[in-house]
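The values are calculated or read from the model by the stated rules, or taken from the named source; none is laboratory data. Remember, it's a predicted structure, so these values are computed and weren't measured experimentally. Backbone-built Cβ (ideal geometry, glycine too); neighbour counts: all protein chains shown.
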Amino acid sequence: MRYHNITKDDMLNGDGLRVVLWVAGCDHRCEKCQNPVTWDIDGGLEFDDAAKNELFAKADKPYISGLTVSGGDPLHPRNRRDVGALICEFKKRFPDKTVWLYTGYEWHEVRDLPFMSMVDVLVDGEYIDALRDVNLPWRGSSNQKVIDVKKSLEIGKTVLVMK
């Protein structure tokens, strides 16, 4: 897996203060995407042990609510194995912190991934510029859903954190 940045103390990509990993690779190529530099799956830097240690050190602060994985698309087919392993390791190390995951895929396309039960909130769907709404928390366009993953998996239907 490759990445472009690790952001600390982020307040825009999930609830509370978060550490955000911006991964490389996205095939959705949404019109007016805010991060087109992240589209190239071979772009950015290798996510190596030093990068993981940096991410975990930032997440270890008591005021950090959790990890957000965005991009690019963390669920690009070439990212899924490594992103899944990272999320599982994060939850093992920080069981009381939340994991938010942003993807251009729809919930029904990714809900059965083996690591999805470790994700707390999924923001799904491609960004659609015609549906852009700057008043929506945690998403860019009104088609995107903010999904409570654990409740959705438990009852077998999509449960939104907010409409």
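Restricting attention to segment 59-78, the residues that are buried (at least 18 other Cβ atoms within 10 Å of the Cβ) and not in a strand (DSSP E or B) add up to 6. Quick one: in segment 119-163, of everything that is hydrophobic (A, V, I, L, M, F, W, C) and in a helix (DSSP H, G or I), which residue is farthest from S65 (Cα to Cα)? Only one residue tops the list, namely A130. If we scan segment 123-142, do we find a residue that is in contact with a helix residue (DSSP H, G or I) (Cβ under 6 Å, 6 or more places away or on another chain), closer than 21 Å to D73 by Cα, at pLDDT 95 or above and among the acidic types (D, E)? Looking through segment 123-142, at least one residue is in contact with a helix residue (DSSP H, G or I) (Cβ under 6 Å, 6 or more places away or on another chain), closer than 21 Å to D73 by Cα, at pLDDT 95 or above and among the acidic types (D, E). Remark: pairs (first residue in segment 42-68, at negative phi; second residue at pLDDT below 95 and surrounded by fewer than 16 Cβ atoms within 10 Å (Cβ to Cβ); Cβ separation under 6 Å; 6+ apart in sequence or on different chains) = K58/K8.
Count of segment 56-66 residues, restricted to those that are under 12 Å from R93 (Cα atoms) and of a type in the set (A, V, I, L, M), is 2. Condition first: of a type in the set (A, V, I, L, M) and more than 17 Å from G14 (Cα to Cα). Now tell me which residues in segment 117-144 satisfy that. Of everything in segment 117-144, those that are of a type in the set (A, V, I, L, M) and more than 17 Å from G14 (Cα to Cα) turn out to be I128, A130, L131. Examine segment 90-107 for a residue that is closer than 16 Å to N5 by Cβ, out of contact with any Leu (no Cβ under 9 Å at 6 or more places or on another chain) and surrounded by 15 or more Cβ atoms within 10 Å (Cβ to Cβ), and state whether such a residue exists. No, segment 90-107 has no match at all.
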